[in-house]
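Undergrad: One structure, as structure tokens, below. Some questions next.
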Amino acid sequence: MRHLLSTKDMSRDDAITLLDIAEDMADVADREVKKLPTLRGKTVVNLFFEDSTRTRISFEAAAKRLSADVINFSAKGSSVSKGESLKDTAQTLAAMGADAVVIRHPASGAPHVLAESGWIDAGIINAGDGMHEHPTQALLDAFTIRRRLHQGGARGKGLDGVTVTIVGDILHSRVARSNVWLLTTLGAHVTFVAPPTLLPMDLTGWPAEVGFDLDAAIDSGPDVVMMLRIQLERMNAAFFPNSREYSRRWGLDDERFARLAPTSIVMHPGPMNRGLEISSAAADSAGSTVREQVANGVSVRMAALYLLLSGDREDS
Amino acid sequence: MSSERAASTRYLIRGATLPDGTGTDLVLADGRITELGSGLSSAGASVIDAAGLIALPGLVDLHTHLREPGFEQSETILTGSRAAAIGGFTSVFAMANTSPVQDTAGVVEQVLALGERAGYVTVQPIGAVTVGLAGERLAELGAMAASRARVRVFSDDGFCVSDPLLMRRALEYVKAFDGVVAQHAQEPRLTEKAQMNEGALSGELGLTGWPAVAEESIIARDVLLAEHVGSRLHVCHVSTAGSVDVIRWAKARGINVTAEATPHHLLLTEDLVVGYDARFKVNPPLRRREDVEALRAGLADGTIDIVATDHAPHPVESKDCEWDAAANGMVGLESALSVVHAAVVAGGQLDWSDIARVLSATPARIGRVNGQGQGLVVGAPAELTLYDPSASRVFDREDLAGKGVNSPYLTMTLPGRVHATFHRGYATVLDGMLRPIAEIAAHGENDRG
């Protein structure tokens, strides 16, 4: 794997291979010494143009468990905040000998530009670009669902026939985008539920059902309900009237949670707004995978770094 | 000495094909077309073999960004004039978004003078509608109209005159001197942070959408305002099928509106945004295939009156970055004729007479510029271009003559090539090559006496 930029162009075989490697990586986390020598001598740069402590430390933990050297480059307090361009930053990292760059950027497509510009030869992992994609989040979500459904027998399997309902701000969500492509590639059926204002105006070509009614979606008995974080500043831009109305219509509250089947999986990419898009009872329930998602994130990111940095590169 | 030779240069263009398909020789002398017909005498003339070449009246671009004064790192009036000449243009209208803005008589006269000094084309300044393009109060439209620059086209292009009352007043006011307001139709609230055409693709790419309705609603409002006050309105860079419908309706109703489409909106579609190459970032954005087809049909049936380039040079660093941070705009003068050829002539929707109309006669008339757009007739100013329609080339940086290299056509194969351009009777391009700066400046100086 040369880069990991999106899930849209990822094949089913490649996705399952990555998830299977992540299973191996997860086994490492259960050992007393949680470290492999695989990427010794490799340098991974976490290049974060947006604050995201969770994603950054997840990648940092993943790289360190593979014995890579990790450099954290945050836009705040660096030359980037003084107006240095993406190009100059990339060339600086190239000059320092970065082998992989994990980039989080507010502009959709910035990882693509970095990968195709020729500014830097390193492998690029997209750790979230604008409203576009967040492929490792989708991979960890798929990994989490697969483990829940198949436990120890997950290896080699897809998500065929699994129904997943994604609820919330689809319009601005890179998590929703990466998930709809990956989960569908793995055989799942995805439904979006959102206020009409928080859906892209044209969903032609998206492999997802769309609805506005969370109660109807709950009553259809989905295997997985994935709640997205709602940003309160959206109500100032007229996407919805206020947090109470949002919560009443599109929140996974106690009453809706109680109507879900006991086997249903409740997911959230974090950080959660408890009491807004998800109730504490739902978030802390046995069906909730919120903490597993965090743990699995490290395993999936180890697998991604491993595929990027070990073995032959496709272009060599 | 060079200026003396310049004044006396007489050209015999032998065996050219006129836009209507007939063959002819042309003689250019003393800045005019002096003879048309076959077997004309070559006595004392430089002879140009035009077999296989189409003679078109000198092209007129109603929408060019020359960037000077203020943004000389992007383009100067000289470099932009050279880009125009190599593209077959003999006149360009220079948009007002310079620094300082072209909102006073002094600035427009300076632009005019710099154009005259360069000498490659007639540079006709456009005046800003509002002071500093700020959309708050009218600029001194009358002073610009009465200046030596004789401004007749007023535009805040880059920004929409979105305030309906200000737009009404501007439309009314310019009637005093036969002016026209050229509107950049973009509802600002509907396009906050907009990055590309709004549709299925913008949703997938995660780029904030620029909805067609933001253009169409302003055009609808403006044609109704123009009807109400009896004024002349011009719509810049129409980009959507819905806009074509609104303008078609307005014209059927008798409203005095004209409209332009750019070469890029006639050829390219939003699919090019996949990959986030900022060369394809432009405002208004590239649209869907259906929009391209509607613009072509509108140009063919006269709903769209003209083609104008919206030539928008930028320095490399403004495009060599992530999509959101990149500047809007494409260079277009050098490629315009070839792109229009590919978009609407190759498929038979327009013929070369139509091209003479939409790229010369009508833009000159809308802009009320002297000495341009009068066609290839005896006595008309010697403004013409010789175009080789059978040529084909992979468009590359060598084909760009201005400072900007932000062309969306690089590596694309385009038909045709400008063989020669004549402005005021002297050649600005010969054998597909620009004539030297000093030679052209001497011609211009000689003309002004």
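Undergrad: Looking only at the range B:141-161, count every residue that is of a type outside the set (Lys, Arg), over 20 Å from B:His65 (Cβ atoms) and touching a helix residue (DSSP H, G or I) at 6+ places or on another chain (Cβ under 7 Å) and tell me the total. Outline the logic, then answer.
TA: Kept after step one, since they are of a type outside the set (Lys, Arg), are these residues of the range B:141-161: B:141-147, B:149, B:151, B:153-161.
Remaining after also requiring over 20 Å from B:His65 (Cβ atoms): B:141-143, B:145-147.
Retained after the next criterion (residues that are touching a helix residue (DSSP H, G or I) at 6+ places or on another chain (Cβ under 7 Å)): B:141-143, B:145, B:147.
Adding up the residues that qualify gives 5.
Undergrad: Looking only at the range A:123-136, how many residues end up being surrounded by 24 or more Cβ atoms within 10 Å (Cβ to Cβ) and away from every other protein chain (no Cβ under 14 Å)?
TA: Count: 3.
Undergrad: Is one or more of the residues making up the range B:392-407 touching a residue at least 60 places away in the same chain (Cβ under 8 Å), buried (at least 18 other Cβ atoms within 10 Å of the Cβ), among the hydroxyl-bearing types (Ser, Thr, Tyr) and under 20 Å from B:Glu116 (Cα atoms)?
TA: no
Yes/no per residue for (1) surrounded by fewer than 19 Cβ atoms within 10 Å (Cβ to Cβ); (2) hydroxyl-bearing (Ser, Thr, Tyr); (3) in contact with a Lys or Arg (Cβ under 8 Å, 6 or more places away or on another chain):
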residue: B:Arg189; (1), (2), (3): yes, no, no
residue: B:Leu205; (1), (2), (3): no, no, no
residue: B:Ser217; (1), (2), (3): yes, yes, no
residue: B:Glu227; (1), (2), (3): yes, no, yes
residue: B:His234; (1), (2), (3): no, no, no
residue: B:His264; (1), (2), (3): no, no, no
residue: B:Leu267; (1), (2), (3): no, no, no
residue: B:Ala278; (1), (2), (3): no, no, yes
residue: B:Pro285; (1), (2), (3): no, no, no
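Undergrad: Does at least one position in the range A:73-87 carry a residue that is within 14 Å of chain B (Cβ to nearest Cβ) and at pLDDT 90 or above?
TA: Scanning the range A:73-87, I find at least one residue that is within 14 Å of chain B (Cβ to nearest Cβ) and at pLDDT 90 or above, so the answer is yes.
Undergrad: Pick out the one residue from B:Phe93, B:Phe177 that is under 17 Å from the mean Cα position of the chain (by Cα) and among the aromatic types (Phe, Trp, Tyr). Show your work before the answer.
TA: Working: B:Phe177 fails: under 17 Å from the mean Cα position of the chain (by Cα).
Step by step, each of B:Phe93, B:Phe177 is checked, and only B:Phe93 is under 17 Å from the mean Cα position of the chain (by Cα) and among the aromatic types (Phe, Trp, Tyr).
Let's see how each residue does on (1) touching a Pro at 6+ places or on another chain (Cβ under 9 Å); (2) assigned by TED's automatic domain parsing to the domain that holds A:Lys157; (3) surrounded by fewer than 19 Cβ atoms within 10 Å (Cβ to Cβ); (4) part of a strand (DSSP E or B):
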| position | (1), (2), (3), (4) |
| --- | --- |
| A:Pro200 | no, yes, no, no |
| A:Thr204 | no, yes, yes, no |
| A:Glu209 | no, yes, yes, yes |
| A:Gly221 | no, yes, yes, no |
| A:Asn236 | no, yes, yes, no |
| A:Tyr246 | yes, yes, no, no |
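Undergrad: How many of the residues making up the range A:20-45 are surrounded by 23 or more Cβ atoms within 10 Å (Cβ to Cβ) and either among the β-branched types (Val, Ile, Thr) or within 24 Å of A:Thr144 (Cα to Cα) (or both)? Spell out the reasoning first.
TA: The initial filter retains those residues of the range A:20-45 that are surrounded by 23 or more Cβ atoms within 10 Å (Cβ to Cβ), namely A:22, A:25, A:39, A:44-45.
Checking which are either among the β-branched types (Val, Ile, Thr) or within 24 Å of A:Thr144 (Cα to Cα) (or both) leaves us with A:22, A:25, A:44-45.
Matching residues across the range A:20-45 total 4.
Undergrad: From the set of residues in the range A:148-161 that are touching a residue at least 24 places away in the same chain (Cβ under 8 Å) and either within 19 Å of A:Met10 (Cβ to Cβ) or polar (S, T, N, Q) (or both), which is farthest from the other protein chains (Cβ to nearest Cβ)?
TA: Only one residue tops the list, namely A:Arg155.
Undergrad: Now for a different question. Can you find a residue that is in contact with a strand residue (DSSP E or B) (Cβ under 6 Å, 6 or more places away or on another chain), in a loop (DSSP other than H, G, I, E, B), more than 14 Å from every other protein chain (Cβ to nearest Cβ) and modelled with pLDDT of 95 or more anywhere in the range A:279-287?
TA: The answer is yes, given that some residue of the range A:279-287 is in contact with a strand residue (DSSP E or B) (Cβ under 6 Å, 6 or more places away or on another chain), in a loop (DSSP other than H, G, I, E, B), more than 14 Å from every other protein chain (Cβ to nearest Cβ) and modelled with pLDDT of 95 or more.
Undergrad: When only residues in the range B:342-378 that are touching a Lys or Arg at 6+ places or on another chain (Cβ under 6 Å) and surrounded by fewer than 24 Cβ atoms within 10 Å (Cβ to Cβ) count, which is nearest to B:Tyr409 (Cα to Cα)?
TA: Only one residue fits best here, namely B:Gln349.
Undergrad: Out of B:Ala427, B:Ala442, I need the residue that is surrounded by 15 or more Cβ atoms within 10 Å (Cβ to Cβ), in a helix (DSSP H, G or I) and among the aliphatic types (A, V, I, L, M). Which one? Spell out the reasoning first.
TA: Values: B:Ala427 fails: in a helix (DSSP H, G or I).
The unique qualifying residue is B:Ala442.
Undergrad: Scan the range A:99-106 and give yes if some residue there is touching a helix residue (DSSP H, G or I) at 6+ places or on another chain (Cβ under 8 Å), crowded, with 18+ Cβ neighbours inside 10 Å, touching a residue at least 40 places away in the same chain (Cβ under 8 Å) and within 11 Å of another protein chain (Cβ to nearest Cβ), otherwise no.
TA: Here is the first cut: in the range A:99-106, the residues touching a helix residue (DSSP H, G or I) at 6+ places or on another chain (Cβ under 8 Å) are A:99-106.
Now drop any that are not crowded, with 18+ Cβ neighbours inside 10 Å, which leaves A:99-105.
Applying the additional criterion that residues be touching a residue at least 40 places away in the same chain (Cβ under 8 Å) yields A:99-105.
Retained after the next criterion (residues that are within 11 Å of another protein chain (Cβ to nearest Cβ)): A:103, A:105.
Yes: one or more hits.
Undergrad: Within the range A:127-144, how many residues turn out to be within 13 Å of A:Gly187 (Cα to Cα) and either out of contact with any helix residue (DSSP H, G or I) (no Cβ under 8 Å at 6 or more places or on another chain) or in the same structural domain as A:Val101 (by TED's automatic domain parsing) (or both)?
TA: Going through the range A:127-144, the residues within 13 Å of A:Gly187 (Cα to Cα) turn out to be A:142.
Among the residues that remain, those that are also either out of contact with any helix residue (DSSP H, G or I) (no Cβ under 8 Å at 6 or more places or on another chain) or in the same structural domain as A:Val101 (by TED's automatic domain parsing) (or both) are: none.
Residues meeting the conditions: 0.
Undergrad: Shifting gears a bit: Condition first: among the basic types (Lys, Arg) and more than 14 Å from chain A (Cβ to nearest Cβ). Can you find one or more residues in the range B:172-191 that meet it? I'd like the intermediate steps shown before the answer.
TA: Filtering the range B:172-191 down to residues among the basic types (Lys, Arg) leaves B:175, B:189.
If we keep only those that are more than 14 Å from chain A (Cβ to nearest Cβ) as well, we get B:175.
Within the range B:172-191, one or more residues are among the basic types (Lys, Arg) and more than 14 Å from chain A (Cβ to nearest Cβ).
Undergrad: If you don't mind, another one. Select, from A:Ala95, A:Ala29, A:Ala110, A:Ala22, the only residue that is outside the structural domain of A:Met272 (by TED's automatic domain parsing), of a type in the set (A, V, I, L, M) and free of Cβ contacts under 8 Å to residues at least 24 places away in the same chain. Working first, answer last.
TA: Working: A:Ala29 fails: free of Cβ contacts under 8 Å to residues at least 24 places away in the same chain; A:Ala110 fails: free of Cβ contacts under 8 Å to residues at least 24 places away in the same chain; A:Ala22 fails: free of Cβ contacts under 8 Å to residues at least 24 places away in the same chain.
That would be A:Ala95, the only listed residue that is outside the structural domain of A:Met272 (by TED's automatic domain parsing), of a type in the set (A, V, I, L, M) and free of Cβ contacts under 8 Å to residues at least 24 places away in the same chain.
Undergrad: Can you tell me which residue in the range A:210-243 is farthest from the other protein chains (Cβ to nearest Cβ), limited to those that are of a type in the set (S, T, N, Q) and touching a helix residue (DSSP H, G or I) at 6+ places or on another chain (Cβ under 9 Å)?
TA: To start, the set of residues in the range A:210-243 that are of a type in the set (S, T, N, Q) comprises A:220, A:231, A:236, A:242-243.
Cutting the leftovers down to touching a helix residue (DSSP H, G or I) at 6+ places or on another chain (Cβ under 9 Å) gives us A:242-243.
Details: A:Asn242: 21, A:Ser243: 23 Å.
Taking the candidates together, the pick is A:Ser243.
Undergrad: Return yes when B:Gly254 is on the phi > 0 side of the Ramachandran plot and within 14 Å of chain A (Cβ to nearest Cβ) and no when it is not. So that I can check it myself, show each step before the final result.
TA: Working: on the phi > 0 side of the Ramachandran plot: yes; within 14 Å of chain A (Cβ to nearest Cβ): no.
No, not satisfied.
Undergrad: Sticking with this structure for a sec: Of all the residues that make up the range A:168-209, how many are within 11 Å of chain B (Cβ to nearest Cβ), touching a Ser or Thr at 6+ places or on another chain (Cβ under 6 Å) and among the hydrophobic types (A, V, I, L, M, F, W, C)?
TA: Number satisfying all stated conditions: 1.
Undergrad: If you check A:Ala90, A:Ala110, A:Ala115, which single one turns out to be in contact with a Phe, Trp or Tyr (Cβ under 6 Å, 6 or more places away or on another chain), among the aliphatic types (A, V, I, L, M) and within 14 Å of another protein chain (Cβ to nearest Cβ)? If you could, list the steps in order and put the result at the bottom.
TA: On the way: A:Ala110 fails: in contact with a Phe, Trp or Tyr (Cβ under 6 Å, 6 or more places away or on another chain); A:Ala115 fails: in contact with a Phe, Trp or Tyr (Cβ under 6 Å, 6 or more places away or on another chain).
Every option except A:Ala90 fails the conditions.
Undergrad: Which ones in the range B:206-231 are in contact (Cβ under 8 Å) with a residue 60 or more places away in the chain and either more than 14 Å from chain A (Cβ to nearest Cβ) or at positive phi (or both)? Lay out the reasoning, then the answer.
TA: We begin by selecting, within the range B:206-231, every residue in contact (Cβ under 8 Å) with a residue 60 or more places away in the chain; these are B:207, B:210, B:212, B:215, B:225, B:228-229, B:231.
Answer for the range B:206-231, where residues must be in contact (Cβ under 8 Å) with a residue 60 or more places away in the chain and either more than 14 Å from chain A (Cβ to nearest Cβ) or at positive phi (or both): B:Glu215, B:Leu225, B:His228, B:Val229, B:Ser231.
The values are calculated or read from the model by the stated rules, or taken from the named source; none is laboratory data. Please read these numbers as outputs of a predicted model, since none were measured by experiment. Every residue, glycine as well, gets a Cβ built from its backbone with ideal geometry; the counts of neighbours run over all protein chains shown.
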